[in-house]
Each structure stands twice: as structure tokens, then as C-alpha cells.
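> First the structure, then my questions, so here it is.
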Amino acid sequence: MRMSNRTKTKKRKPAGQPAVTSTRAKLPFAKILVANRGEIACRVIRSCKRMGIKTVAVYSDADADALHVREADEAVRIGPSPSAESYLRIEAIVGACRETGAEAVHPGYGFLSENPAFAGALAKAGIVFIGPDMHAVAAMGDKIESKKLAQKAGVNTVPGHLAPLKDADEAVNIARTVGYPVMLKASAGGGGKGMRIAHNDAEARDGFRSATNEARSSFGDDRVFCEKFIEEPRHIEIQVLGDGHGNVIHLGERECSIQRRHQKVIEEAPSPFIDAKTREKMGAQAVTLAKAVDYKSAGTVEFIVDKHRNFYFLEMNTRLQVEHPVTECVTGLDLVELMIRVAAGEKLPLAQKDVKLKGWAVEARLYAEDPARNFLPSIGRLTSYRPPVEMEGVRIDTGVYEGGEISMYYDPMIAKLIGFGPTREAAIDRLGAALDAYHVRGVNHNLSFLAAIMAHPRFRAGRLSTGFIAEEFPEGFHGRTADAPTRRVLIVVAAVVARRQAEREASIEGQVPGHEVKLPAALIVRLDGADHPVALAPEDGGYRLTLDGADVAVVSDWLPGQRLFHGAVGGRPVVVQVDRNGGGWKLAHAGCQASVLALRPRVAALAALMPVKRPPDTSKFLLSPMPGLLKSLAVREGQDIKAGEELAVVEAMKMENILRAERDGTVAKLHAAPGDSLAVDQKIVEFS
């Protein structure tokens, strides 16, 4: 099936997009098919359009109305919603190329981007693969073989056992030999899937099983190996570029240490930890490895770095990385364009001496997930989706739109936000402001979590490690605790919002004479159970408020019904998200979320007498924490269980989640069976 796109309006070049790297009149290709979806497909299409190259999108049934389909010049349906029946079907992609006359394919990341069979099928069909040659994809795509090759090339590697593990018993034996803690990793893994840390024999057994299952489900390859887990590690990677003429360069490093479950959350370039000498050494080793496999195209060599700046090779990703925008921001290069030109046989337009790093860039990954439920995926329709616009030093790469749907079939990424500026502090501040101004409703999301990281003193100081999230949020993320300046912002904004609401009500015609709405000169703002008296009066297009004996000026053009409060508090620009919440408001700012009431003093006194409704008791049930598939049940009715025992395994977004008992008890009833599709909070097990 072929689908022509709707007519599109001309858009301004988004802030932070890389500069054009070539002005040659001849196009490398007339038409490129993008074998991917979501934000990366839109990102590739954007560069192609700027270069004057026609684009073809492919889509599954779930993505028929997706943004990448709308933005491409042509679109071809390739199958049902599951990725195994659509985006992973090599013959369908090749067929779409033949149908549309696409001369080349850009794979983006994930899916078929590092599949040698895909590159081979394209070559056989006379279609150019925009990426490295098959032998490089094969050599580097296998984590075991790539480590052997790295050792041979003289690249530092992590101690470990590189042969695939046969079973859980061997995993335990090898882990003991290497020495705990160890990392169990899928040989064909990536994106945090098929990876488990084990600190003892029991964790090694569980980790082997889960890593094997995830690897089989995600990559069709269940081989798992074991290596030493470096403590206090930093994850730092080097971006490399090679062409078909023997030229290989690196573009400096990216710090990717802020991770959750081995999946990157925040990335930045350059690293606040790496000095010029270490950068030179890491870059040289990355280039050496790339040359060892005659690498051409963009690729990334990943290292683990200890607190003494000793670095060890982890893997090489033979594709464009999710976090490539931060490198583009500090180099001014367009990596997608360079990949396209290299694939067309052109030489790199620059040498190592021409690479200059300027300023700083920080990227945050906005996901549809619920931080309050241990970051479990959230699916549904984006009832409101308003990215921040026209913000200096902010770039947004997205693949969704208001009214679109976050599907259960794919990675739940909504967008990537990049803040960039002359210094690390400026980049962080700009990214933090963009997070405050990003409005997403209809699905749960991690905006407040990302904003909390931006405001965290340890992050701002650059004291990072891959254990940052586990160490700073050991009980999970339940919202940032507001410091005094943030609490002050929330209180005064709540008062101004309530005053503006009262002004609107007072302006409505037809009020009963003598009973008109009177504007409050004083309010009680109730925040986190504490009452804060606030006096306010109009002043110069804003208000003069008195809080805790101190005056503060607030200026804003906010009106009731608007989702974002843009203004200045005490002369400092702020953005606060505002949602109506019963008789009050739910405010969000700088990673803090608060339900507030702003009441007239008499109403506040009466409200304090109202009883509190208690939530229902669900302690006797094991509830599904996410929508997903019940893979297995480890208990039966009548069975006694102990705290910590495995109860069930739920799979969502290709990730296995083991649900364990929180306390001792007895299984009274099973409400679901393996193979059932579960909704969020659906009953699985009932206890007596």
C-alpha cells in the first residue's frame, strides 16, 4: 500500500539544528527511505529535506497516522503493529524501496540498524545502506566478538568471560571467578535490554534468566556473557566518523552516566570529568578500533571510566546514537548529512585538526512513563501536547503530536530536549526552563523527574556516575522536595492565579446588585499541609505580594484556562504549569509538583474542618503496575509466600518486570493466568 502525504506548510528551522556541512549542488541521492519510526525518523527526514532529497516513510498499522508518516514525501505500509511483523521485516523494507524507487536506506537506530542481514539484503537489491559495511556491522554488533577484536587492536577492555554462558549454573561459576559484582549482558543487546547486575549467586541466576529472555524477545539472540562490573563508573563514549577513503576522525566525547536500568536518561557533551589528555587518549583508541574494521559512516565507541580516569572498552554502536544531538550542538556538524554523503562515496569534508568543540549541550529523554510507579511505561492518547517554542538555546527532536497516541508496541519516547549554551551551567538552565514549559497530558511522563535532575546539586556539580539515580533516589522518585526559593515561587504563583480567577469572575455581567464578586486583598495558600498568609495588590501590570513579611513583585499575563504561567517572580523569569484540581490547582515547577489551595481567610478556616477521604486498601492484592503481558505466575492458590519471593513476571515494551511479595502471606485466589493481557492496576493475585 502506498500513501501520499498531505500538503505541508513551510516551517522555520528549529533552534539548535546543525549547520549545513556542504553546499555542493549535486545530491548524493534523489530519494531515501527511512527504515524507522518516531523522533529519529523525523530527524532523518528533516536533514534530507534540507538537502533537497525526497523521503519515504514506512509504517505499521499502529503508526498509520504517525508524525514521520505525515512529514515524509511518500509512505508505505509494511505490516501489522508488532515490530516483528513490520519494522523488523527485511523483505518488507526492501519491497518498499522497490515500490518507491528509493536509492538508499537510512536505518536510524534500533530495529534493523545493526543487522548485517539487512545490509546484505539491501546490497543484493542494489540499494545503498546508509551506514558501515556489513563486515563492520557484524564484527561490532556482537558484544563478545567486538571485545576480542578490541583486545587484538590494543584497546583497553573490561575483565570478564567472553564466551556465551550455557546456563544459570555456569553464570554463577563464572561470576564467582570474575568476582562480584558482575554484569550479565546480552551479546546482541542494546538500549538497556538484556542487562543485569549481580552481587551474589541468587542475583546471578535471576539475572541470567531475565537477560536471556529479554535478549531472545528483543533481538532473537539469547546469548549472554559475563564481565566485571566497574564500581563508581562513568559511561563516556566517543563519536567517530569514517569514510570510504581511509579517513577516520572523532568528534570528542559524550557523558552518558545518568542512567536508569542501564538506559540513558541524560547525556551531555563534553563530559565535565574528562580532561584534554584523557580525551585525546580515548579518541585515539576509538579511531584505532574503527580503522581496524575499515569503518565508514557515523559510529560510537562506548567506554566505562573509573574515578581515576582509567577507561575500558564496552562496545561499539555501528549506527547513529540517540544522543547524537549534543555532539551536533557543540561541533556544528550534521551527522545525518555526513552519513548520507559518506554512503554516496564522498570524502569527509574535515580532518581531525578541523574538529572544534564549542560550548556545552545537555540532552534529556522525555518518556511516557510513570515515575511514581517505578517508571513503568504509560500508553494512551496525548490529549495535550505543547512543546516549548522560540526558546533560546533549546532544540527539540520529537515524533509525536497533540492527539497522537503512545502505543504499547514500541519504545515510549515522546521527545528529546537539548539545552545548549556557552557554559555547562547555561545549558542546564536552558534545559530546565524548557522542561518547565513542556506541557504533556493524557499519559504519565517523566518531565518532573528530568527537571529534578537538572536542579540537583550533585548533577550541577558534575559529580556523576552510572549509580547516580539509584543513589540519589533510592526509594524511587516521588517528586522533588521544594527548597525555600521554589516554595516561594509556588506560593506566590498560586496567589496570583487565584486572584486572576477572581478578577475573571468579577468581570462577568449580570451579577446581582449588592452581591458582586469582591476581589481578595489577602489569601491563605495551603501547600503541603501548611498555611501561608499572602497579601496582594495590583502594581504596574502585575502584583505586589507580601509573604512572610517580605515583599515580592510578580508580573505575568496569565489568564484563567492557560496551561502555563509565564512571568517573573522578584525579577526572575519563571514558568509554572497550572492545572485545575478541584477547588484548587496543581502546580509544577523545577521538578516539584504541588496541589495547592488559595482561599479567602474565612473559607480557609472552614476548609480546615473538612474530613479527609482515605484511599481504598489494596494491600491484599498484587496489581499489575503497567499494561502488559503476564508472562508467568510463580505461585498457586493456597501457597504460603515470604517477603521477597517472586510472584509473577509481566512483560511490557519488551522488558521483563519481576513482581515480588512485599510481605509474608498466603495466596487466596489467582485473578489472571499466563498469557493474559493486563491493564494497569488489574488484579493478578489476591492474598488472605
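Condition check ((1) of a type in the set (Gly, Ala, Ser); (2) outside the structural domain of residue 220 (by TED's automatic domain parsing); (3) at pLDDT below 95; (4) out of contact with any His (no Cβ under 8 Å at 6 or more places or on another chain)) across all residues:
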{"residue": "38", "(1), (2), (3), (4)": "yes, yes, no, no"}
{"residue": "45", "(1), (2), (3), (4)": "no, yes, no, no"}
{"residue": "63", "(1), (2), (3), (4)": "no, yes, no, yes"}
{"residue": "66", "(1), (2), (3), (4)": "yes, yes, no, yes"}
{"residue": "69", "(1), (2), (3), (4)": "no, yes, no, yes"}
{"residue": "77", "(1), (2), (3), (4)": "no, yes, no, yes"}
{"residue": "84", "(1), (2), (3), (4)": "yes, yes, yes, yes"}
{"residue": "89", "(1), (2), (3), (4)": "no, yes, no, yes"}
{"residue": "99", "(1), (2), (3), (4)": "no, yes, no, yes"}
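> For residue 591, are the conditions met, namely being at pLDDT 90 or above and outside the structural domain of residue 196 (by TED's automatic domain parsing)?
yes
> Which of the strands (runs of 3 or more DSSP E) contained wholly in segment 173-260 include at least 3 residues that are in contact (Cβ under 8 Å) with a residue 24 or more places away in the chain, over 29 Å from residue 631 (Cβ atoms) and assigned by TED's automatic domain parsing to the domain that holds residue 465?
Answer list for segment 173-260: 234-242, 248-260.
> Let me ask another. Could you pull out the residue among 466, 481 that is surrounded by 18 or more Cβ atoms within 10 Å (Cβ to Cβ), among the hydroxyl-bearing types (Ser, Thr, Tyr) and modelled with pLDDT under 95?
466
> Basic (Lys, Arg), surrounded by fewer than 16 Cβ atoms within 10 Å (Cβ to Cβ) and assigned to a loop (DSSP other than H, G, I, E, B), is that true of residue 309?
yes
> While we're here: Name the single residue, out of those in segment 526-551 being within 20 Å of residue 561 (Cα to Cα) and modelled with pLDDT of 90 or more, that is surrounded by the fewest Cβ atoms within 10 Å (Cβ to Cβ).
Within segment 526-551, the match that is surrounded by the fewest Cβ atoms within 10 Å (Cβ to Cβ) is 542.
> Scan segment 327-339 and report the pairs whose first residue is more than 24 Å from residue 55 (Cβ to Cβ) and whose second residue is in a helix (DSSP H, G or I), with Cβ atoms within less than 9 Å and a gap of 6+ or a chain change.
none
> If you go through segment 312-338, how many residues are under 16 Å from residue 107 (Cα atoms), in a helix (DSSP H, G or I) and in contact with a helix residue (DSSP H, G or I) (Cβ under 9 Å, 6 or more places away or on another chain)?
4
> Okay, next question. Given the residues 381, 319, 386, 373, which is the only one that is buried (at least 20 other Cβ atoms within 10 Å of the Cβ), closer than 30 Å to residue 83 by Cβ and either in contact (Cβ under 8 Å) with a residue 24 or more places away in the chain or touching a Lys or Arg at 6+ places or on another chain (Cβ under 8 Å) (or both)?
Every option except 319 fails the conditions.
> For segment 283-305, name all the residues that are among the β-branched types (Val, Ile, Thr) and not in a loop (DSSP other than H, G, I, E, B).
If the condition is that a residue be among the β-branched types (Val, Ile, Thr) and not in a loop (DSSP other than H, G, I, E, B), then 287, 288, 300, 301, 304, 305 are the ones that fit.
> Let me ask something else. Residues that are under 29 Å from residue 539 (Cα atoms) and out of contact with any Lys or Arg (no Cβ under 9 Å at 6 or more places or on another chain): list the helices (runs of 4 or more DSSP H) wholly contained in segment 428-523 that include at least 3 such residues.
484-506
> For segment 643-660, which residues satisfy the criterion of being crowded, with 19+ Cβ neighbours inside 10 Å and of a type in the set (A, V, I, L, M)?
Within segment 643-660, 647, 648, 649, 650, 652, 653, 655, 659 meet the criteria.
> Turning to a different aspect of this structure: Within segment 391-400, is even one residue out of contact with any Leu (no Cβ under 9 Å at 6 or more places or on another chain) and farther than 18 Å from residue 563 by Cβ?
The answer is yes; a qualifying residue exists.
> So, in segment 112-164, of the ones that are charged (D, E, K, R) and part of a helix (DSSP H, G or I), which residue ends up modelled with the lowest pLDDT?
For segment 112-164, the residue satisfying everything is 143.
> List every residue pair whose Cβ atoms sit under 9 Å apart, with the two residues 6 or more apart in sequence or on different chains, where the first one lies in segment 449-471 and is free of Cβ contacts under 8 Å to residues at least 40 places away in the same chain and within 23 Å of residue 588 (Cα to Cα) and the second, anywhere, is basic (Lys, Arg) and not in a loop (DSSP other than H, G, I, E, B).
460/424
The values are calculated or read from the model by the stated rules, or taken from the named source; none is laboratory data. Here the structure is a predicted model, which means the values were calculated and not measured. Cβ coordinates were reconstructed from backbone atoms using ideal geometry, including for glycine residues, and neighbour counts include every protein chain displayed.
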